[in-house]
Amino acid sequence: MTPSTGPGGPPGGPPGSAAGSAAWELLLPAASAPARARGRALQGALRDAVRSGRLAPGTRLPSSRDLAADLKVSRGLVTEAYEQLTAEGYLRSGRGAGTWVGDAVRAARPRARDLAPRSPADRVDFVPGTPDLSLFPRSAWAAAQRGVLTELPHESLGYPDPRGLPRLRTALAELLARRRGVVADPERIMVVSGVAQATSLLASVLHARGTRTAGVEDPGSPQHHALYASAGLGTVPLPLDDEGLATGPLYASGVRLVVTTPAHQFPTGIAYSARRRAELLDWARSVDGLVLEDDYDGDFRYDRAPVGALQGLDPERVAYTGSVSKSLAPGLRLGWLLVPDWLADAVVERKRTTDLGHPTLDQALFARFVERGDYDRQLRVCQRAYRERRDTLVAALAEHFPDSRVTGIAAGLHAIATLPERYGPEEGFLARVAEAAVAVRPLTAYAHGGAGGGPVGGGRVGDGPVGDGPVAGKEVRLVLGYAHLTPGRIRAGVARMARAV
């Protein structure tokens, strides 16, 4: 039995047509479903056929008796399906006039797009910000997951404390105090879905208290403007010098909130000097202000032990945030925020009203991962891999771009490379390497205030930070991410750049 077309309706296929038969073929799997599920399956198949256009508006459906005979199911099953879809608006019927596909449905075939950033396989991508996701400890993570599912009490699956599970906050307090020198009271630690949420929560609370602007490092993260704008705050670009955020412009700006990356400034790669760290805290005390410390890759220092967090010097003037995005995977959406006591209650309440707390299973899993030493082992694995890759990048640049300079401390997941004038101007260089399927970002891409710079001058390739300020002229200054690339891929990418220019 095939559907037919009624007056005024789009063609649905005349009786016996291939189009009509194909429409009923969609219902055959539903007819063979288990008895208890057969009714729901038939309704779902009919609904999908209408949505997808396989049964066009205006198509007359077979009688319940005929369709039941074709599908070898009971007539009551078909009648119930017709009645349900008529009630929902997918079908229409009239006494003695049969059942027709309604014209209310305008839904297109559903299609789920993936908007996650992807790099083509044939391109060497030096854009910074991504760790090596192949280093994710799948076996240890799976073991921790099994353990958590076995031991987690039933009541722990309810709504959590908006700050996070006490078990995880306690584990994080010990970890951060030991590795980063943070003054970490578990009562003031909040588990969040990454640094972006930590920033938004804090900005929202401060906006409610009258704050309207936030100072941001220039150059700095391109995400800051949108994050603060979502909380109603404007951003004020603040320049850097060789020691960190320049204090003169900071005082002159009038801001009372400033966002910093003092352990390894992004993107210039410098570490704030001890003097500048003290001056930054003096500023916060003098204006009754707050410093938000983004410790995005503070665990990864390759030439010495990492410098401790700024928060440890004054926990009442510094809010501290970090995440597992560089050490495990950004897709976990797991981070932490430590706030001063005078802000704690307000930020916790904002977290509660935002999402009622971070997923309990994820928190318990990470707590176990930290407690059993798996996270420390993961950090050591990443440390070895990323140090090797930085060394490979420095050596490849020295080979293929003589007289180039790599500046900033030996740390993190990216490096600043300054190439001599003969490779410029920058626009031409970028166009040529893009044609060679190499993705790079210039330092100017991270400038907020139009200055295009920051302290990236220095000595020969392999030197540490130096103090000659911004580089002028036509030199090409690149921010090269290397953590996600194998040593072989790094060498190939630098060689491809050299051939292109």
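The values are calculated or read from the model by the stated rules, or taken from the named source; none is laboratory data. What you see is a predicted model; the values in this text were computed from it and never measured. Positions of Cβ are generated from backbone atoms using ideal geometry, with glycine treated the same way; all protein chains shown enter the neighbour counts. Note: areas computed on protein heavy atoms with side chains; ligands, DNA, RNA excluded. Shrake-Rupley method; radii C 1.70, N 1.55, O 1.52, S 1.80 Å.
Just a few scattered comments:
- Among residues other than ALA33 with Cβ under 13 Å from its Cβ, the summed charge is +4 (Lys and Arg +1, Asp and Glu -1).
- Summed side-chain charge close to GLU426 - residues other than GLU426 whose Cβ falls under 14 Å, Lys, Arg +1, Asp, Glu -1: +2
- Per-residue ³J(HN,Hα) for the stretch 125-132, Karplus 6.51 cos²θ - 1.76 cosθ + 1.60, θ = phi - 60°, Hz, x for Gly and Pro: 10, 9, 5, x, x, 10, x, 7
- In sequence order, the stretch 171-186 has phi-based couplings of 5, 5, 4, 5, 5, 6, 5, 6, 8, 10, x, 7, 7, 10, 7, x Hz under the Karplus curve 6.51 cos²θ - 1.76 cosθ + 1.60, θ = phi - 60°, and Gly or Pro positions carry x.
- Crossing angle, helix 374-400 versus the chain [Cα axis fit, 0-90 degrees, rounded to tens]: 70 degrees
- For LEU257, the residues whose modelled amide H falls within less than 5 Å of its own, excluding neighbours fewer than 5 places apart on the same chain, are GLY215, LEU290.
- Prolate/oblate/rounded call for the stretch 213-348, Cα gyration tensor, a/c under 1.5 rounded: rounded
- Value of [θ]222 nm, deg cm²/dmol, for the chain, DSSP H segments ≥ 4, -39500 (n - 2.57) each, nearest 500: -12500 deg cm²/dmol
- Degrees, to the nearest 10: 75-88 long Cα axis against longest axis of the chain: 50 degrees
- Entry comment: accessible area of the chain is 45 Å² per residue, from protein heavy atoms only and a probe of 1.4 Å.
- Beta-bridge orientation, the chain: approximately 60 percent antiparallel, per DSSP, counting only bridges with both partners inside.
- The stretch 148-303: C-alpha gyration tensor shape, a/c 1.5 cut-off, then a/b vs b/c: prolate
- The share of accessible area on the stretch 296-374 that comes from carbon and sulfur is 50 percent, using a 1.4 angstrom probe.
- Take 347-355, 253-261, 144-152, 405-413 and order them by the average number of nearby Cβ atoms within 10 Å per residue, most first; the result is 405-413, 253-261, 347-355, 144-152.
- Rounded to the nearest 10 degrees, the angle from helix 341-355 to the longest Cα principal axis of the chain is 20 degrees.
- Entry for mean projected area of the Cα convex hull in nm² (calculated from the structure that is shown) out of (i) 25.7; (ii) 23.6; (iii) 31.0: (iii)
- Amide H contacts under 5 Å for VAL476, placed H, 5+ residues apart: LEU419
- Taken about its Cα centre, the chain carries a charge dipole of roughly 1780 debye when the Cβ of each Lys and Arg holds +1 and the Cβ of each Asp and Glu holds -1.
- Built amide H within the under 5 Å cut-off of LEU91, gap 5+: THR86, GLY102
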